[in-house]
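> What follows is a structure written as structure tokens; I'll ask about it next.
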Amino acid sequence: MSARYGMVIDLDRCTGCGACMVACAAENNVPPAPPRATPRTGLTPMLVHKVTNGMEGTARREVFIPVTCMQCGDETPCVSVCPQQAVQVDKATGIVMQMPQRCLGCRYCMVACPYHARYFNWWDPAWPAGMEKSLNPGVAVRMRGVVEKCNLCHARLHSAKEKAAAAGRKELDPADYIPACLEACPTGAILFGNLADENDAVFSVAHSPDAFRLLARLGTEPKVYYKSGQAWVKALAEHHSERAKESKHV
Amino acid sequence: MSELLLIDRRWIARGVERSSTMRFLLWLVPWVALLALGIYAAGLCLYYGLNQTNMDNRFAFGMWIFLDLAIIAMGAGAFFTGFLVYILKQEDLKPILNSAVVVGLVCYSGAVAVLMVDVGQPLRAWFTFWYPNTHSMLTEVTFCISCYLLVLILEYIPVLLRNRQLRKVPSFLIFEHQLHKLVPVLAAVGAFLSFFHQGSLGGLYGVLRGRPFVYRQGFAIWPSTFFLFILSAIAVGPSFLILVTAAAERVTGRHLVKPGVFRKLGLISGVLLAMYVAVKAVDTLVWLNITSPSLGFGPRDYYSYWPISSTFLFAVTVPLGLFPALLLIMPITAGKRGWLLFGATLACAGVLLNRFVFTVQTLALPTLAFDDFLQYSPSWQEVATFGGVIAYGVIVYSLSYRYLPLFDPPKGADPNVSVD
Amino acid sequence: MFPWIDGFQWSVGHIIFLSLFFAVVLTILVTIASALWRTLSDFRTHRATEICWRMNFAELPDAERYCRHQLAGRVASRICDNAFECRQCLKYPEFVALPAKTPSQNVGIDFSNKLLYHRGHTWVRPEDDGTLTVGLDELAHRMIGRPDSVELPVKGSEIECNGMAWRMMKNGHEIQVRAPIEGTVVCTGGVEDGWYLRLRPRGPLNLRHLLRGAEVCGWLSGELDRLQLQLSASKAQPCLADGGTLMPELMDAMPEADWDTVLAATFLNV
């Protein structure tokens, strides 16, 4: 039975600390931003947005929304547009797999993604001397001129499978496959698991009344859910929000 | 020095008037300088990476993609004139055919050159051919434009081989003769390819479910933008051809084609432009009332940002759409050269604005509830590359005009060789 | 792109798309191959020279394409539409029967009634042994004077009518002299001999296309008028007086003239 890995991010628990962003960068060998980089040319497969409800004083509310690749369903906006099939939906796991080795760098997928979850390598990767020792050997480094995005820590999926195979098991142990962002999150705001498995915790939370998905009306069928008890936060799911909003990146 | 002038004279057809070598070189100097600057800018981007541009993760497509779409729409005059002459037998447009081929060649080769700089890994361009994704409009564009560039080169070769010195090589002349006989086949193939890639460039945007500003319903796999782009391209192609030829007449100080040719091209352009405006109006109504709301987006989401307001949409359809269409159709204006050129210019401006709206405005508009409306302006490297492409076009056209029979028809009838 | 590539999955979309693409590529390649093949076959069947000549003839201005019968005064005004191929002209028998009105008088340059002239300023003299002698006419000779070099074809080579007979260089200008008749080169001469080639004709001899008699007068006087116009237009030396003879060694005497244009017009080149 093929898996459908997904996430639920509890926005009422996210404090905007940004640990998930740092862990993601470390896990995925994201190079340090060059001096000329801007917030719009950075490489942040996990990006936390700060959103307010536009009011002042005691009525002011803020929420931090970590945005990553939504791992859209079978009809992803990006897979259908890539001219050389450098991105595919993996049938076994439901993960939207980006292949930087095949990427031409045309950036059409970046235009297609409504969540702005795709990032381009505008520079050649360069690490200060000595820092290359901190690289994760399980994840390939990307050259400049290719697109990349969150792939649900696919290297950790591989490690978990290898571990299971070494122990003679066919199925991997869910406890072995944990994305870096979840591991780093101090408040436990991120829940990860197999949405195809009804017994998995993530399944029931994703289908709870407080769960929602961003821009669901576009029909992208994301596998990353959000959860909040606050009505104004839930309203942020769709574009047509009545409240004025401002946003900043963490 | 006089040796050089003599050699230059030998390459120019006998009996035609061309400006002196000195004057021609002086004309070329600023364009060569612009081209050199463009090559330098492109070189910087190829060497240092695309961080040399002002494109970023939100504006993944910038001025170059706008340039590509615009230039290919303008270059539609090449295939469309060929279609009119060889398939629809409009013989009175024949004198402008060679010029149209040069314009097409310059537009498409310039677009491909810019694309090679625009992508992050140009050496991987062959991947699209090796692992084609038949669902992607960009695959379709790549295949069609590559084939069509080849067709344009093949259509240009006979013009090139009729150069006074080149035709002295017997094998060149015979090959030109044989290739010229097959040009109708190439024109038909070119029309077929152009129909698809002009449409697919519109389809690039029409299929984007993640961008409700451009997403459209359509017919089978083709969104309405597919057909709208074809229509606007064949509407603007003849107008652009008029402008280029008129510019050539102004620069060379000679009458190059009969006024009737301009009027006919203008009429065709005007009629197609009027049709385009009508279809676009219907499409806009469907989009704003049905398609867009179903995705959770309404007109307020598109048109409430300054300077983008509904004036852009109005501009494309009325002052840069219906108005020039009328100018080009009505004999009272189309008969006068000044009004004809004005109408053609407005038509081109309208299509340019439309392409800008699709490439740049789409990316500026927010999608997520907490997105901002964004700004983008190109870096000097992007502008210089743009300038380099224009310079390249002017240089190739100038050289073609000076040394090749662009406008001179063969003085006798076509040789009816009895042996064939 | 191809079915055997790893990861390829057949779908209707693939079939339609790739078949259309390969059909287009095939059409383009067949077009190129067809043009190349026909070009090669034109050379193999010796039609190349005729095609080149006809294509170049079509580019000549009207003033250089007057029909010989107009030059002879038989018809009022006619532009040749058959590349001077009088041997295949259907109108020739009709026109040649008409009376010639141009008087056979001195036009300012020598010509012989025993010679047959070609519009490219060469003459042909049939010899008793069946060969043909080819030489340069007086107008061309006076114009060029002593050529800097002459490149003649080797013995045994084939010459095509209206193709290149021999090449001369003078003052940096290359002159390709058109062959008046087809044949095989038997022997070659030179400037001193007064003739350049001796040819053995191929097939039955037909010299109908060469000018003779009144036609030559009309033609030469027209050529002198043209020369006068072209040389005076270049603001070189004062123009030649009417009725005077053509100066010899003209290219040496008027080096500033536009010889590129004059030579092209004289020797029927584009």
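No value in this document is a laboratory result; all are computed from the given coordinates. Keep in mind that this is a model prediction, so the values were computed, not measured. We place every Cβ from the backbone using ideal geometry, glycine too, and count neighbours over all the protein chains shown.
> So, in the range C:44-61, how many residues would count as being more than 16 Å from B:N163 (Cα to Cα) and more than 7 Å from every other protein chain (Cβ to nearest Cβ)?
Summing the residues that are more than 16 Å from B:N163 (Cα to Cα) and more than 7 Å from every other protein chain (Cβ to nearest Cβ) in the range C:44-61 gives 4.
> Just need a number here: residues in the range B:132-150 that are within 7 Å of another protein chain (Cβ to nearest Cβ), among the aliphatic types (A, V, I, L, M) and more than 16 Å from B:F229 (Cβ to Cβ).
Residues in the range B:132-150 being within 7 Å of another protein chain (Cβ to nearest Cβ), among the aliphatic types (A, V, I, L, M) and more than 16 Å from B:F229 (Cβ to Cβ): 1 in total.
> Another one. For the condition more than 16 Å from B:G82 (Cα to Cα) and within 14 Å of chain A (Cβ to nearest Cβ), what is the one hit in B:V169, B:V112?
Numbers: B:V169 fails: within 14 Å of chain A (Cβ to nearest Cβ).
Being more than 16 Å from B:G82 (Cα to Cα) and within 14 Å of chain A (Cβ to nearest Cβ) holds for just one of B:V169, B:V112, which is B:V112.
> Okay, next question. Having 1 or more residues that are in contact (Cβ under 8 Å) with a residue 24 or more places away in the chain, buried (at least 17 other Cβ atoms within 10 Å of the Cβ) and among the β-branched types (V, I, T) is the bar; report the strands (runs of 3 or more DSSP E) wholly within the range A:53-127 that clear it. Before you say what the answer is, go through the steps one by one.
Details: elements: A:62-67, A:87-89, A:96-98, A:118-120.
Fully inside the range A:53-127 and qualifying: A:62-67, A:96-98.
> Find the residue count for the range B:177-191, including only residues that are more than 19 Å from B:V112 (Cα to Cα) and either within 7 Å of another protein chain (Cβ to nearest Cβ) or crowded, with 22+ Cβ neighbours inside 10 Å (or both).
Result for the range B:177-191: 8.
> Moving on to the next point. Output yes when any residue across the range C:78-91 is closer than 25 Å to C:C52 by Cβ, of a type outside the set (K, R) and touching a Pro at 6+ places or on another chain (Cβ under 9 Å), and no when none is.
Quick first cut of the range C:78-91, residues closer than 25 Å to C:C52 by Cβ only: C:78-91.
Of the ones still in play, those that are also of a type outside the set (K, R) are C:79-86, C:88-90.
So of that shortlist, the ones also touching a Pro at 6+ places or on another chain (Cβ under 9 Å) come out as C:83.
Yes, the range C:78-91 contains at least one residue that is closer than 25 Å to C:C52 by Cβ, of a type outside the set (K, R) and touching a Pro at 6+ places or on another chain (Cβ under 9 Å).
> Looking at (1) buried (at least 20 other Cβ atoms within 10 Å of the Cβ); (2) touching a Gly at 6+ places or on another chain (Cβ under 7 Å); (3) within 12 Å of chain A (Cβ to nearest Cβ); (4) under 25 Å from B:L35 (Cα atoms), which is the only condition B:Q121 fails?
Result: B:Q121 passes all but (1).
> Now for a different question. Consider B:N163 against the criteria (1) within 7 Å of another protein chain (Cβ to nearest Cβ); (2) polar (S, T, N, Q); (3) within 24 Å of C:D42 (Cβ to Cβ): it satisfies all of them except one. Which criterion is unmet?
Of the numbered conditions (1) within 7 Å of another protein chain (Cβ to nearest Cβ); (2) polar (S, T, N, Q); (3) within 24 Å of C:D42 (Cβ to Cβ), the odd one out for B:N163 is (1).
> Scan the range A:27-36 and tell me whether some residue there is among the acidic types (D, E) and over 30 Å from B:Q52 (Cβ atoms).
We begin by selecting, within the range A:27-36, every residue among the acidic types (D, E); these are A:27.
Keeping just the survivors that are over 30 Å from B:Q52 (Cβ atoms) gives none.
So far as the range A:27-36 goes, no, none of its residues is among the acidic types (D, E) and over 30 Å from B:Q52 (Cβ atoms).
> Run down A:T187, A:T220 and say which single residue is outside any strand (DSSP E or B), within 14 Å of another protein chain (Cβ to nearest Cβ) and among the polar types (S, T, N, Q).
Going through A:T187, A:T220 in turn, just one is outside any strand (DSSP E or B), within 14 Å of another protein chain (Cβ to nearest Cβ) and among the polar types (S, T, N, Q): A:T220.
> Scan the range B:50-61 and give yes if some residue there is on the phi < 0 side of the Ramachandran plot and away from every other protein chain (no Cβ under 14 Å), otherwise no. Spell out the reasoning first.
Just the residues of the range B:50-61 that are on the phi < 0 side of the Ramachandran plot, to begin with: B:50-61.
Filter once more, keeping what is away from every other protein chain (no Cβ under 14 Å): none.
So far as the range B:50-61 goes, no, none of its residues is on the phi < 0 side of the Ramachandran plot and away from every other protein chain (no Cβ under 14 Å).
> Output the residues belonging to the range B:144-169 that are in a helix (DSSP H, G or I), of a type outside the set (A, V, I, L, M, F, W, C) and within 18 Å of B:A13 (Cβ to Cβ). Steps first, please.
So the first thing to find is which residues in the range B:144-169 are in a helix (DSSP H, G or I), and the list is B:144-161, B:166-168.
Adding the requirement that they be of a type outside the set (A, V, I, L, M, F, W, C) leaves B:146, B:148, B:155-156, B:158, B:167-168.
Passing the criteria: B:Y156, B:P158, B:R167, B:K168.
> Please verify whether B:G43 is surrounded by fewer than 17 Cβ atoms within 10 Å (Cβ to Cβ) and either under 30 Å from A:A37 (Cα atoms) or touching a Cys at 6+ places or on another chain (Cβ under 9 Å) (or both), treating the condition exactly as stated. Talk me through it step by step, then tell me what you get.
Values: surrounded by fewer than 17 Cβ atoms within 10 Å (Cβ to Cβ): yes; either under 30 Å from A:A37 (Cα atoms) or touching a Cys at 6+ places or on another chain (Cβ under 9 Å) (or both): yes.
Judged against the criteria, B:G43 is a match.
Conditions tested, residue by residue: (1) outside any loop (DSSP other than H, G, I, E, B); (2) under 15 Å from C:N162 (Cβ atoms); (3) in contact (Cβ under 8 Å) with a residue 24 or more places away in the chain; (4) out of contact with any strand residue (DSSP E or B) (no Cβ under 9 Å at 6 or more places or on another chain).
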{"position": "C:I15", "(1), (2), (3), (4)": "yes, no, no, yes"}
{"position": "C:L18", "(1), (2), (3), (4)": "yes, no, no, yes"}
{"position": "C:L40", "(1), (2), (3), (4)": "yes, no, no, yes"}
{"position": "C:F57", "(1), (2), (3), (4)": "yes, yes, yes, yes"}
{"position": "C:F84", "(1), (2), (3), (4)": "no, yes, yes, no"}
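> Do we have B:R211 as surrounded by fewer than 24 Cβ atoms within 10 Å (Cβ to Cβ), touching a helix residue (DSSP H, G or I) at 6+ places or on another chain (Cβ under 8 Å), charged (D, E, K, R) and assigned to a loop (DSSP other than H, G, I, E, B) here? Working first, answer last.
Details: surrounded by fewer than 24 Cβ atoms within 10 Å (Cβ to Cβ): yes; touching a helix residue (DSSP H, G or I) at 6+ places or on another chain (Cβ under 8 Å): yes; charged (D, E, K, R): yes; assigned to a loop (DSSP other than H, G, I, E, B): yes.
Yes: the conditions hold for B:R211.
> Still on this model: Determine the pairs where a residue that is at the interface with chain B (Cβ under 8 Å from one of its Cβ atoms), located within the range C:251-270, has a partner that is polar (S, T, N, Q) and surrounded by 19 or more Cβ atoms within 10 Å (Cβ to Cβ) with Cβ atoms under 6 Å apart, the partner being 6 or more residues away or on another chain.
Note: pairs meeting the criteria are C:V270/C:N56.
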